[in-house]
1. Could you tell me which of the residues 155, 93, 141 is surrounded by 19 or more Cβ atoms within 10 Å (Cβ to Cβ) and either small (Gly, Ala, Ser) or within 16 Å of residue 9 (Cα to Cα) (or both)?
2. More than 12 Å from the ligand (Cβ to nearest atom), assigned to a strand (DSSP E or B), surrounded by fewer than 18 Cβ atoms within 10 Å (Cβ to Cβ) and not polar (S, T, N, Q) - does that describe any residue in the range 22-30?
3. Residue 175 - would you say it is outside the structural domain of residue 29 (by TED's automatic domain parsing), surrounded by 16 or more Cβ atoms within 10 Å (Cβ to Cβ) and charged (D, E, K, R)?
4. Taking residue 161 as meeting all but one of (1) away from the ligand (no atom under 14 Å from the Cβ); (2) acidic (Asp, Glu); (3) crowded, with 19+ Cβ neighbours inside 10 Å, write down the number of the exception.
5. Within the range 19-34, which residues are touching a residue at least 40 places away in the same chain (Cβ under 8 Å), under 19 Å from the mean Cα position of the chain (by Cα) and under 28 Å from residue 65 (Cα atoms)?
6. Is it the case that residue 202 is charged (D, E, K, R), more than 16 Å from the ligand (Cβ to nearest atom) and surrounded by 16 or more Cβ atoms within 10 Å (Cβ to Cβ)?
7. Being over 16 Å from the mean Cα position of the chain (by Cα), within 11 Å of the ligand (Cβ to nearest atom) and in a loop (DSSP other than H, G, I, E, B) is the requirement here; does residue 41 meet it?
8. Can you tell me which residue in the range 96-110 is nearest to residue 183 (Cα to Cα), limited to those that are away from the ligand (no atom under 12 Å from the Cβ), among the hydrophobic types (A, V, I, L, M, F, W, C) and assigned to a loop (DSSP other than H, G, I, E, B)?
Amino acid sequence: MYSFNLAVLISGSGSNLQAIIDAVENGIIKTAKVALVVSSREGVFGLERAKKHSIPATVINNKSTAKLLGELKKHKIDGIVLAGYLSILPPNVVKAFENKIINVHPALLPMFGGKGFYGLKVHEAVLASGVKYSGATVHMVDCGVDTGAVLIRGVVCVLDDDTAESLQKRVLEVEHKIIVHAVRALSGGYIADYINKPPVLRSTSDKEGIHNYADGLKKLSEALVSADSEGI
Ligand code: GRF
């Protein structure tokens with residue numbers, strides 16, 4: 001039976017919210033249910049999704065900390081998912097739910113994360129950098145921006161003809177998968193396993209390519225660490 005009440009915080013379309021709702025309804029998530037949806041914006045499609053599934057939903061701007069804490073208490077919330085939530089959670093909310101808040105970020109953290117990396121900007125930065133792989137990360141939320149412990153990543157190939165929009169679309173599909181795994185781990189009581197050894201989902205069959213890429217990164221970081229700081 002459901003034991004874990006989730007609040008899902010959104011700012012837009014709520015496709016990650018939908019992935020969680022579907023996984024609960026299909027029995028893929030057995031230990032949690034969505035008990036509350038909070039949007040930072042009026043009129044977004046995510047609110048319609050909540051309504052369709054008879055889930056209590058409300059709009060709260062991120063400055064109304066007391067209102068947010070009040071709603072979380074009223075709905076007996078055990079954990080929070082930030083799913084496309086474009087506001088920064090106030091520190092006292094983060095502290096009240098320490099180690100119980102997760103966020104989905106559309107890149108492979110710790111790269112392409114932090115202040116200013118949101119929405120299409122993330123994918124534009126990924127393309128401009130020339131990296132061959134991108135993906136999504138679910139991480140624990142602390143008081144920083146995208147700095148909490150990584151829980152799970154999903155990898156996609158960056159294609160030669162990718163635009164920020166096409167990459168965003170493929171990354172979003174991966175987000176929908178990893179967020180479900182992370183919710184299961186959080187509500188099922190095995191999140192510590194994810195923190196100790198974050199799993200990686202791979203939507204690409206290019207195992208050798210990923211291996212070579214990771215090997216190249218390792219060599220680069222070794223070279224950087226041992227570089228002569230007087231050299232330039
Ligand atoms: C997703 O890429 C999420 O990672 C980002 O906002 C996007 C919107 O997601 N933070 P959703 O459809 O509202 O769940």
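1. Values: 155 fails: either small (Gly, Ala, Ser) or within 16 Å of residue 9 (Cα to Cα) (or both); 93 fails: surrounded by 19 or more Cβ atoms within 10 Å (Cβ to Cβ).
Exactly one residue qualifies, and that residue is 141.
2. Residues of the range 22-30 more than 12 Å from the ligand (Cβ to nearest atom): 22-30.
The next check asks that each one be assigned to a strand (DSSP E or B); those that pass are none.
No; the residues of the range 22-30 include none that is more than 12 Å from the ligand (Cβ to nearest atom), assigned to a strand (DSSP E or B), surrounded by fewer than 18 Cβ atoms within 10 Å (Cβ to Cβ) and not polar (S, T, N, Q).
3. Details: outside the structural domain of residue 29 (by TED's automatic domain parsing): yes; surrounded by 16 or more Cβ atoms within 10 Å (Cβ to Cβ): yes; charged (D, E, K, R): yes.
Answer is yes for this residue.
4. Checking residue 161 against (1) away from the ligand (no atom under 14 Å from the Cβ); (2) acidic (Asp, Glu); (3) crowded, with 19+ Cβ neighbours inside 10 Å, the one that fails is (3).
5. Within the range 19-34, 19, 20, 32 meet the criteria.
6. On the way: charged (D, E, K, R): yes; more than 16 Å from the ligand (Cβ to nearest atom): yes; surrounded by 16 or more Cβ atoms within 10 Å (Cβ to Cβ): yes.
Yes.
7. Details: over 16 Å from the mean Cα position of the chain (by Cα): yes; within 11 Å of the ligand (Cβ to nearest atom): yes; in a loop (DSSP other than H, G, I, E, B): yes.
Against the criterion (over 16 Å from the mean Cα position of the chain (by Cα), within 11 Å of the ligand (Cβ to nearest atom) and in a loop (DSSP other than H, G, I, E, B)), residue 41 qualifies.
8. Looking at residues that are away from the ligand (no atom under 12 Å from the Cβ), among the hydrophobic types (A, V, I, L, M, F, W, C) and assigned to a loop (DSSP other than H, G, I, E, B), I get 97.
The values are calculated or read from the model by the stated rules, or taken from the named source; none is laboratory data. Everything quoted here is computed from the prediction, not taken from an experiment. Methodologically, a virtual Cβ is constructed for each residue, glycine included, from the backbone with ideal geometry; neighbour enumeration extends over all protein chains shown.
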